[in-house]
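A.B. asks: Pasting in a structure now, in structure tokens, and then I'll have a few things to ask.
The values are calculated or read from the model by the stated rules, or taken from the named source; none is laboratory data. Only a predicted model underlies this, so the values are computations on that prediction, with no experimental measurement involved. Ideal geometry is used to build each Cβ from the backbone, glycine not excepted, and the neighbour counts take in all protein chains shown.
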Amino acid sequence: MYLKFYGFKSKPFGKTPDPELLFLSRRHEEALARMEQAVEDRELLLLTGEIGSGKTTLSRALIDRLPENYKPALIINPRLSPNQLLRTVARRLGLQEPRYFKSDLVEQIFDAVFEQYQNGICPVLIIDEAHLIPSRESFEEVRLLTNLQLDKENMISVILIGQPELNRRLEHPVYEPLRQRIGIRYHLEPLAREEIGEYISFRLVKAGREKPLFTPEAIEMIWTFSRGIPRRINNIAANALIEGFAREAAAIGERIIENVVVDLGLEQVAETKKGKTAMRKAG
């Protein structure tokens, strides 16, 4: 409804992980570069970041950038038992009838990966939301997949993507064998304060609008309540466009943002964080 009013061809602040809308901040660009390096070197990479920081969008951007000799195998719901995880991997590798018993299944996966290797193809296993992997045994199967290697090189690249608790979980001694296999680590930080305006402008241009729409004061308020998390920025900005349209506002100012953050309950979050910061300083 607001698209025509503001001159958009598409929604600028959608919730889907569209790689076309990936804003390559310094941090996101570095994360993507490390992911590409892990694929090239056939390493195990661990990417972590806060909820809504853009990890999933980065994984989709990586898939889009993969050369033809790399085959992505994406798992987006890893709440799986060890056997279920291996069977899912097998299906992602193109096996129509994965075997049931683990020993047969592992051999079947190895044969499939080796056949792809002989054809010049490297599978790239991407496990999103890896913090949801339920057990140490399932993580052990991930580690064993990195054993799919020849004398001089790995035959598969594995990328684990998850929230910060994944790092904390893997610090437990039982995960030492897996930690030793991790070749590259990266924690994705939120956007910097000075990048918020660039991010919003980038999204507006992608949606078909060249002229600025959000005032500097509104952008500053979005920073205050989003703390640089792209998903929060999108949520605030999308709701601001709806309210701006209802008001027939030619520009999105701070008053509209104020109303939106109240409706979303974000002012309580900001006050809580502010209070915690004050307590740390007082202590």
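Matching residues to (1) among the hydrophobic types (A, V, I, L, M, F, W, C); (2) surrounded by 15 or more Cβ atoms within 10 Å (Cβ to Cβ); (3) part of a helix (DSSP H, G or I); (4) over 23 Å from the mean Cα position of the chain (by Cα):
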residue	(1), (2), (3), (4)
PRO67	no, no, no, no
LYS71	no, yes, no, no
ARG87	no, yes, yes, yes
GLN96	no, no, no, yes
ARG99	no, yes, no, yes
ILE109	yes, yes, yes, yes
ALA112	yes, yes, yes, yes
SER138	no, yes, yes, no
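A.B. asks: Now a separate question. When the stretch 239-253 is examined, which residues are found to be buried (at least 17 other Cβ atoms within 10 Å of the Cβ) and either in contact (Cβ under 8 Å) with a residue 12 or more places away in the chain or part of a helix (DSSP H, G or I) (or both)?
C.D. replies: Correct list: ASN239, ALA240, LEU241, GLU243, GLY244, ILE252, GLY253.
A.B. asks: Please tell me if ALA278 is surrounded by fewer than 14 Cβ atoms within 10 Å (Cβ to Cβ), modelled with pLDDT under 95 and of a type in the set (Gly, Ala, Ser).
C.D. replies: Yes; evaluated as a whole, the condition is true for this residue.
A.B. asks: So, one more: Find the residue count for the stretch 15-42, including only residues that are surrounded by fewer than 20 Cβ atoms within 10 Å (Cβ to Cβ) and over 15 Å from the mean Cα position of the chain (by Cα).
C.D. replies: Selection size over the stretch 15-42: 4.
A.B. asks: Moving on. Taking the stretch 215-238 only, how many residues are surrounded by 17 or more Cβ atoms within 10 Å (Cβ to Cβ), free of Cβ contacts under 8 Å to residues at least 40 places away in the same chain and either touching an Asp or Glu at 6+ places or on another chain (Cβ under 7 Å) or closer than 18 Å to ALA249 by Cα (or both)?
C.D. replies: 4
A.B. asks: What is the residue count in the stretch 144-170 for residues that are in contact (Cβ under 8 Å) with a residue 60 or more places away in the chain, crowded, with 18+ Cβ neighbours inside 10 Å and part of a helix (DSSP H, G or I)?
C.D. replies: 2
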